[in-house]
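Peer 1: Dropping a structure here in structure tokens format, bear with me for questions.
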Amino acid sequence: MKNSKDLALIIVFAVLNFTIMLITNQITSLIYMTGLSYVFTILYAINASVAWLMYEGRRWRILAQAILFNTLASLLIPSRTIPLAIAGIVHAFTADLIFNSFYGYFESRNRLLWWIILLQIFFWATQPFWILVFLASLVYPLESVITIFFIPTMTIGLPIMTISAIAGAIIGYKIYRRVENIY
């Protein structure tokens, strides 16, 4: 029974993440401010925090959610490239592998809030590196990826994404605490 609940959660949260991406991409393209998309990290962080806490440290749920999300995004959004999807999947694999190994430690000490905050900070701080690796190695020249994507993301986006990730983790944790008994 637990596996069917997990499968339903994976589908719901992957589709919700995809919906958030569609809405935020439309908003930022309508007002011609691509940098504004960093502020919307909080929506992704809330969604991911609730989902990852509901998985309760069980392996490969984060990875399965990332595979479904990136498949949806690659198939339904023409500008979404396969290397971006691969970067997202590999990134989720590393987060899943590292942080689910420590879930029991944080849960036993009643520190799940710290677990999800650390997970969100790690996830959003390392995401540009994975994108850099896959875009530079598979699609574009390294110099253009660094100047067009990596430097602006690391100088402007990373502080905003880190603050949004922390806020999203705290809000997601509070939502999880309210719905954990229902689940």
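The values are calculated or read from the model by the stated rules, or taken from the named source; none is laboratory data. It should be emphasised that the depicted structure is a prediction, and the values quoted were computed from it without experimental measurement. A quick note on method: Cβ atoms are made from the backbone with ideal geometry, for glycine too, and the neighbour counts reach across all protein chains shown.
Peer 1: Let me spell it out: the conditions are (1) small (G, A, S); (2) touching a helix residue (DSSP H, G or I) at 6+ places or on another chain (Cβ under 7 Å); (3) more than 24 Å from F106 (Cα to Cα), and A165 meets all of them except one. Which number is the exception?
Peer 2: For A165, the exception is condition (3).
Peer 1: Another question, if that's okay. Across the stretch 134-170, what is the total count of residues that are of a type in the set (A, V, I, L, M, F, W, C) and under 14 Å from L119 (Cα atoms)?
Peer 2: Counting residues in the stretch 134-170 that are of a type in the set (A, V, I, L, M, F, W, C) and under 14 Å from L119 (Cα atoms) gives 7.
Peer 1: Among the aliphatic types (A, V, I, L, M), at pLDDT 95 or above and crowded, with 18+ Cβ neighbours inside 10 Å - does that describe any residue in the stretch 127-147?
Peer 2: Checking the stretch 127-147: not a single residue is among the aliphatic types (A, V, I, L, M), at pLDDT 95 or above and crowded, with 18+ Cβ neighbours inside 10 Å.
Peer 1: Then there is this: Consider I86 carefully, then state whether it is closer than 28 Å to L7 by Cβ and either among the hydrophobic types (A, V, I, L, M, F, W, C) or over 15 Å from the mean Cα position of the chain (by Cα) (or both).
Peer 2: Yes; evaluated as a whole, the condition is true for this residue.
Peer 1: Of the residues L63, L97, L118, which single one is modelled with pLDDT of 95 or more, touching a helix residue (DSSP H, G or I) at 6+ places or on another chain (Cβ under 9 Å), over 17 Å from M21 (Cα atoms) and crowded, with 19+ Cβ neighbours inside 10 Å?
Peer 2: Going through L63, L97, L118 in turn, just one is modelled with pLDDT of 95 or more, touching a helix residue (DSSP H, G or I) at 6+ places or on another chain (Cβ under 9 Å), over 17 Å from M21 (Cα atoms) and crowded, with 19+ Cβ neighbours inside 10 Å: L63.
Peer 1: What number of residues within the stretch 83-98 are in contact (Cβ under 8 Å) with a residue 40 or more places away in the chain and among the aliphatic types (A, V, I, L, M)?
Peer 2: Final tally of qualifying residues: 4.
Peer 1: Please pick out the residue among I182, I89, I171 that is closer than 24 Å to I10 by Cα, of a type in the set (A, V, I, L, M, F, W, C) and either touching a strand residue (DSSP E or B) at 6+ places or on another chain (Cβ under 6 Å) or not in a helix (DSSP H, G or I) (or both).
Peer 2: Exactly one of I182, I89, I171 is closer than 24 Å to I10 by Cα, of a type in the set (A, V, I, L, M, F, W, C) and either touching a strand residue (DSSP E or B) at 6+ places or on another chain (Cβ under 6 Å) or not in a helix (DSSP H, G or I) (or both), namely I182.
Peer 1: Could you check how many residues of the stretch 107-136 are farther than 15 Å from I46 by Cα and without any contact (Cβ under 8 Å) to a residue 24 or more places away in the chain?
Peer 2: 7
Peer 1: Also, quick follow-up: Look through the stretch 98-149, keep the residues that are of a type in the set (S, T, N, Q) and either in contact with a Ser or Thr (Cβ under 9 Å, 6 or more places away or on another chain) or not in a helix (DSSP H, G or I) (or both), and return whichever of them is nearest to S164 (Cα to Cα).
Peer 2: Keep residues of the stretch 98-149 that are of a type in the set (S, T, N, Q), which gives 100-101, 108, 110, 120, 126-127, 137, 144, 147.
Those still in the list that are either in contact with a Ser or Thr (Cβ under 9 Å, 6 or more places away or on another chain) or not in a helix (DSSP H, G or I) (or both) too: 100-101, 110, 120, 126-127.
Working: N100: 22, S101: 25, N110: 23, Q120: 9, T126: 15, Q127: 14 Å.
For the stretch 98-149, the residue satisfying everything is Q120.
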